[in-house]
Protein chains: 2
Amino acid sequence: MPATIRRLAVAVALACTPALALAQAPAKGRTMQQVIEASTPADWRALDPQDTLYLDLAGGRVVIELAPGYAPLHAANLRTMAHEHYFDGLAILRVQDNFVTQWGDPDAEDKDKARAFGKASRTLAPEFERAIAKDLPFTRLPDGDVYASEVGFSDGMPVARDPRAGKTWLAHCYGMVGAGRDNGVDTGSGAELYVVIGQEPRQLDRNIALVGRVVQGMELLASLPRGTGALGFYEKPEQRMSIRSVRLAADVPEAERTPLELLRTDTPTFSALVESRRNRRDDWYKVPAGKIGLCNVPLPVRKPATPAH
Amino acid sequence: MPATIRRLAVAVALACTPALALAQAPAKGRTMQQVIEASTPADWRALDPQDTLYLDLAGGRVVIELAPGYAPLHAANLRTMAHEHYFDGLAILRVQDNFVTQWGDPDAEDKDKARAFGKASRTLAPEFERAIAKDLPFTRLPDGDVYASEVGFSDGMPVARDPRAGKTWLAHCYGMVGAGRDNGVDTGSGAELYVVIGQEPRQLDRNIALVGRVVQGMELLASLPRGTGALGFYEKPEQRMSIRSVRLAADVPEAERTPLELLRTDTPTFSALVESRRNRRDDWYKVPAGKIGLCNVPLPVRKPATPAH
């Protein structure tokens with residue numbers, strides 16, 4: 001809320017009955033903070049080291065959760081590339097305001113200089129959408145969407161659905177990571193990745209493979225200087241921030257991992273969180289929206305209370 | 001489109017009839033670039049110097065268009081503050097990732113140090129919404145909205161409407177500028193301003209006065225380091241970027257102005273532009289969205305072909 005922090009009200013307007021006042025406000029009257037404080041360990045899940053990439057930059061670490069349920073080929077290729085240190089010493093190539101930050105091999109087009117792919121594939125079949133399946137989690141949001149007939153969350157990822165076509169796909173929300181491609185649908189590999197840093201570019205949905213989501217460190221990718229070339233590409237090599245390394249968490253010694261827990265998106269606690277954001281309850285808000293868009297739902301992340309194993 | 005620029009296709013798939021092929025593709029088949037190239041001078045309007053603020057930072061100039069049709073009291077107060085050089089030497093106080101960049105007086109709460117308001121008001125009546133009126137332009141978008149029953153553009157500003165209540169309001173899209181307030185609805189003045197730098201925070205709509213829109217220089221405000229304090233406030237004074245000056249364009253000698261033209265939002269050309277973004281026609285896109293959200297519509301800005309005046 002855009003008031004100064006000095007003046008920020010901390011009072012919380014609880015729309016609860018007297019009998020409940022000392023225990024817990026009903027779900028409809030709770031703030032997000034109250035929902036999180038009332039959560040139990042079962043409401044959280046640890047990041048799976050096999051599905052976690054660390055993008056280490058001079059400024060710190062970006063933690064990316066892969067979405068193998070939606071992009072299994074890309075996830076597998078990225079695990080291979082990380083294992084082979086494909087990205088180490090490559091660079092951030094492009095930052096286009098209100099769109100994407102993109103990184104990869106500056107010499108990708110130069111046969112003599114291009115980074116070797118090793119055991120990784122140079123191209124992959126498109127993974128722009130997949131079939132809806134019974135074993136695929138889906139927590140539907142109640143307020144609709146401009147672009148798709150249904151939207152919600154699946155294993156912590158924002159997704160859209162077309163039940164008539166039997167298809168579902170990851171949605172381009174802030175922080176989502178995708179695999180750049182050329183004009184051919186099968187020209188992507190994960191060797192060039194982008195992350196959304198602005199308003200949801202949902203027109204990209206079903207046109208390109210999203211591979212996961214940044215769960216920590218977005219500010220490192222979103223606050224970079226914008227490139228001044230076409231599409232936000234940096235015009236001079238020295239403007240590009242270097243990538244120290246990209247590693248699969250499973251390949252990193254446990255002491256060097258970043259243990260994180262994410263709020264599950266298939267629980268009553270998550271539904272209560274969504275409701276807390278549809279109708280803000282703190283004193284600052286005068287007209288609760290009563291609605292929420294897919295990309296406006298926050299996905300809480302925390303350090304584990306106890307060290308991870 | 002997240003492909004490298006080196007590989008970026010420039011071919012345009014025109015869905016036009018042979019008879020039209022050499023003249024002009026029909027509106028449904030044109031790209032945004034083609035729509036803009038086919039525009040006439042009447043499709044553009046110059047910024048009014050009385051409604052234009054220049055926020056000058058070390059990195060360059062941010063140009064803000066005020067929206068006096070929706071926030072006349074705030075626009076008038078900001079003109080007064082700019083005229084009196086209220087903002088000169090103040091600072092950017094807060095950058096919260098995927099939310100807002102905010103600037104104003106770091107000493108606002110310190111009676112001894114706070115910047116004097118001069119003839120400007122310290123507080124203003126809320127201007128969170130206004131009555132729908134016949135003389136208020138409104139170009140409605142065809143694809144709906146999660147938060148409001150109608151959305152579209154009014155004099156270049158993204159707006160939402162509730163026809164049953166007879167109300168309309170500016171919408172919190174990327175680049176929109178608002179006036180911070182405390183918990184009381186009448187506690188804002190324009191002395192503390194914020195700009196949206198992420199996913200549309202539409203829950204703020206009707207809760208705070210939007211006063212205008214950044215039409216040039218957003219990258220200067222969106223690429224700042226995020227503050228590490230609560231709500232993204234900078235924790236140390238030396239982290240804050242200083243504001244060189246804020247001026248009303250009308251107060252600036254013509255030679256020092258930044259002449260810009262904006263595409264009008266009440267013309268067939270604008271409708272064609274919206275259509276060109278609902279259904280992308282270049283070869284890269286395989287599945288045109290067929291829809292567009294309010295905050296996804298680009299609002300073209302250009303330097304005038306001939307010098308202003």
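The values are calculated or read from the model by the stated rules, or taken from the named source; none is laboratory data. Being a predicted model, the structure only gives us computed values, none of them experimental. Please note: Cβ atoms are built from the backbone with ideal geometry, for glycine as well, and neighbour counts cover all protein chains shown. The area values use the complete protein model at the heavy-atom level, side chains included, leaving out ligands, DNA and RNA. Shrake-Rupley method; radii C 1.70, N 1.55, O 1.52, S 1.80 Å.
Here is a yes/no grid of residues against (1) among the small types (Gly, Ala, Ser); (2) at pLDDT 95 or above; (3) surrounded by fewer than 16 Cβ atoms within 10 Å (Cβ to Cβ); (4) part of a helix (DSSP H, G or I):
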site	(1), (2), (3), (4)
A:Ala15	yes, no, yes, no
A:Tyr54	no, yes, no, no
A:Gly69	yes, yes, no, no
A:Ala75	yes, yes, no, yes
A:Leu78	no, yes, no, yes
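Restricted to segment A:161-183, and to residues there that are part of a strand (DSSP E or B) and in contact with a Lys or Arg (Cβ under 8 Å, 6 or more places away or on another chain), the residue that is nearest to A:Ala76 (Cα to Cα) is A:Val177. Screening B:Ala148, B:Ala171 for residues that are more than 9 Å from chain A (Cβ to nearest Cβ) and either more than 17 Å from the chain's Cα centre (by Cα) or at pLDDT 95 or above (or both) leaves exactly one candidate, B:Ala171. Limited to segment A:197-216, what total is found for residues that are facing chain B (nearest Cβ under 10 Å) and within 16 Å of the chain's Cα centre (by Cα)? Residues that pass the stated criteria total 9. B:Glu235 versus (1) outside any loop (DSSP other than H, G, I, E, B); (2) of a type outside the set (Phe, Trp, Tyr); (3) open to solvent by 20 Å² or more (accessible area, probe 1.4 Å); (4) farther than 16 Å from B:Asp56 by Cβ: which is the lone unmet condition? Of (1) outside any loop (DSSP other than H, G, I, E, B); (2) of a type outside the set (Phe, Trp, Tyr); (3) open to solvent by 20 Å² or more (accessible area, probe 1.4 Å); (4) farther than 16 Å from B:Asp56 by Cβ, only one is false for B:Glu235: (1). Run down B:Arg247, B:Arg257, B:Arg281 and say which single residue is crowded, with 17+ Cβ neighbours inside 10 Å, among the basic types (Lys, Arg) and within 14 Å of chain A (Cβ to nearest Cβ). Answer to the selection: B:Arg281.
Checked against (1) within 14 Å of another protein chain (Cβ to nearest Cβ); (2) touching an Asp or Glu at 6+ places or on another chain (Cβ under 9 Å), B:Tyr234 passes all but condition (2). Of all residues in segment A:82-93, those being part of a helix (DSSP H, G or I) and either crowded, with 24+ Cβ neighbours inside 10 Å or not assigned by TED's automatic domain parsing to the domain that holds A:Ser154 (or both) number 1.
Restricting segment A:101-138 to residues that are out of contact with any Pro (no Cβ under 8 Å at 6 or more places or on another chain) and acidic (Asp, Glu) leaves a set whose member that is most open to solvent (accessible area, probe 1.4 Å) is A:Asp112. May I ask you to list the residues in segment B:92-124 that are touching a helix residue (DSSP H, G or I) at 6+ places or on another chain (Cβ under 6 Å) and among the small types (Gly, Ala, Ser)? Scanning segment B:92-124 gives B:Ala120, B:Ser121.
Select from segment A:217-228 the residues that are facing chain B (nearest Cβ under 7 Å) and without any contact (Cβ under 8 Å) to a residue 12 or more places away in the chain and write down the one among them that is least open to solvent (accessible area, probe 1.4 Å). Don't jump to the end; show me each part of the working.
Filtering segment A:217-228 down to residues facing chain B (nearest Cβ under 7 Å) leaves A:218-219, A:222-226.
Applying the additional criterion that residues be without any contact (Cβ under 8 Å) to a residue 12 or more places away in the chain yields A:219, A:223.
Values: A:Glu219: 79, A:Ser223: 29 Å².
In this case the residue turns out to be A:Ser223.
Only a single criterion out of (1) assigned to a helix (DSSP H, G or I); (2) within 30 Å of A:Ala160 (Cβ to Cβ) is not satisfied by B:Leu220, namely (2).
Checked against (1) among the aliphatic types (A, V, I, L, M); (2) more than 10 Å from chain A (Cβ to nearest Cβ); (3) surrounded by 24 or more Cβ atoms within 10 Å (Cβ to Cβ), B:Leu193 passes all but condition (2). How many residues are over 21 Å from the mean Cα position of the chain (by Cα) and part of a loop (DSSP other than H, G, I, E, B) if we restrict to segment A:280-306? The number of residues fulfilling the criteria is 13.
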